[in-house]
Structures are given as structure tokens and as C-alpha cells.
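The values are calculated or read from the model by the stated rules, or taken from the named source; none is laboratory data. The structure displayed is predicted, hence computed values, not measured ones. Backbone-built Cβ (ideal geometry, glycine too); neighbour counts: all protein chains shown. To get the accessible areas, we keep the full protein, side chains included, count just its heavy atoms, and leave off ligands, DNA and RNA. Shrake-Rupley method; radii C 1.70, N 1.55, O 1.52, S 1.80 Å.
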Amino acid sequence: MNVMRPAEGKETSATQSAYKALREKILTGELPAGKKLKIEQLRAMLDTGASPVREALSLLTSDMLVERLDQRGFRAAPASLANFQEILSLRCVMEDMALRQSIACASKEWEEQLVLAHHWMKRVSREQDTAKFEAAHKAFHMALLCNAESPILMRYCDQLYDLNIRYRYLAAEGTNYQERDVPAEHEEILDAALAGDADAASNALIHHYRATGDYLAGPLKAL
């Protein structure tokens, strides 16, 4: 039986901590898109060793949140209108597929999970605690899809959601974005899914995403 030695466990824990911290900073824009990520600066920021930081950056390249520069280290993945539009297009296609599968396999357990995820999202205010809202918001959107019997598809949907978060943080800063009735959009998606109406649920979900896309088109042209 393979037993992890204490040193190995400590190193793994340090890498995971660095990964989670850097991932959050990139997603929220604290480490801006395109920023050069220097090992020494990051290890000082996180109060950890160079090895965990380097390993965390390598993991983040697999998440497409970090880019490896030939012989020049790493940088946070750039942001652009073209990149956002590609992410949006892929999300619409893949989540349409996953949502339809999820509804087709509807069960009492899935419906209860979906209602509960929506309930917790409604209880969290973005203005009061952005991090908690983002976690609850993702939980609701993933709950919509989680009944699909396609693990690979779900993995891609999860990854695309995270790639989109940096752009949603940008949108959340604008007053025009706040003028949307986003809770009503979520209610419409939820109601259609619970009613088993795959067409209505998919149309509402894609409208929800494209409304954000339309708002972001203007600001992102400046990137």
C-alpha cells in the first residue's frame, strides 16, 4: 500500500492552497488579465515557497486561466472581446446540450437540489458579499446541468463557467448591468426546468447569457 509521507502531504497542501488563492485572484481580477506572474512576487504575496507557486501556475495553465510564456515564465490569460465571444458561444452550445439531458433525466432528487440551490442563491446579496454570491450563483447554474449523464460535458461546462467569471466581474461594475432583472431571469430558467420544458428552459438560459454578452460588447472593445 502506498502511504503518503508527511513531507509529501505538506507539499501537496501548499500547492493546493497556492492554486486556490491564485485562481481566485485571477477570476476576480485582482491579478489582471495579461499580467506577468513572477514567482518571487507571488510567493511573497502568498507567503509560501517557490515550488508550490510554480506547480499551482502549471495547474492553472490546464484551466486556461494562466499562459506559459516560452522561456519567460507565466502570465494571467489575456481578456478580449473575441475571447469572451468564443466562451459565450461554447457555453450556449454545451449548456444547451447538458440542460436538455438534465431535464430529460429529471428526478425528484434533482428537482429538490435545483430548488435548494436557487433558494440559497436568492438569500445572498452580491453587494454585501460578492464571493458568497458568486459561489451560490455557480452552484445554481451547475445544479441545472448536473443531472446530465455526461461527465466530460459537465467538466467542460464547469471550466467555461470559470473562464466567463472574469468578464462577469467586469459587467457587475456597470450600472446598466445592474438595471437588468437578473433574479427574474433565474426564476424563468428554474420554472421552465421544473416544468420539464426543455425548449423554454434552454431559450431562457441562452437569453440570460446573451444579455450579459450584449452588455459586455461595448466595454470589451477597448481591450
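Things to note:
- Entries in Lys108/Lys138; Lys36/Lys122; Lys25/Lys138; Lys20/Lys132; Lys36/Lys132; Lys25/Lys221 that, when Cα-Cα distance is taken, lie over 26 Å: Lys36/Lys122; Lys36/Lys132
- Listed residues Cys146, Cys157 arranged by accessible area, highest first, probe 1.4 Å: Cys146, Cys157
- Rounded to 10°, Cα long-axis angle of helix 81-104 versus longest principal axis of the chain: 60
- Equivalent ellipsoid semi-axes - Cα gyration tensor, segment 66-121, angstrom: 36, 15, 11
- To the nearest ten degrees, helix 198-220 and the longest principal axis of the Cα atoms of the chain are 50 degrees apart.
- Candidate aspartates and glutamates for bridging to Lys38, where Cα separation is under 18 Å - those fewer than 8 sequence places away on the same chain excluded: Glu24, Glu30, Asp47, Glu55, Glu67, Asp70
- For segment 73-168: rounded, prolate or oblate by the Cα gyration tensor [a/c cutoff 1.5]: oblate
- In percent, rounded to a whole number, the relative contact order of segment 1-156 is 19, using alpha-carbon pairs under 8 Å and six or more apart.
- Phe74 long-range amide H proximity, modeled H, under 5 Å: Leu37, Leu69
- Cα-centre dipole for the chain with unit charges at Cβ (Lys and Arg positive, Asp and Glu negative), debye to 20: 1120
- To the nearest ten degrees, helix 50-62 and the longest principal axis of the Cα atoms of the chain are 30 degrees apart.
- Over the chain, the hull volume per residue, using the convex hull of the C-alpha atoms, is 160 Å³.
- With contacts taken as Cα pairs under 8 Å and at least 6 residues apart, segment 64-223 reaches a relative contact order of 31 percent.
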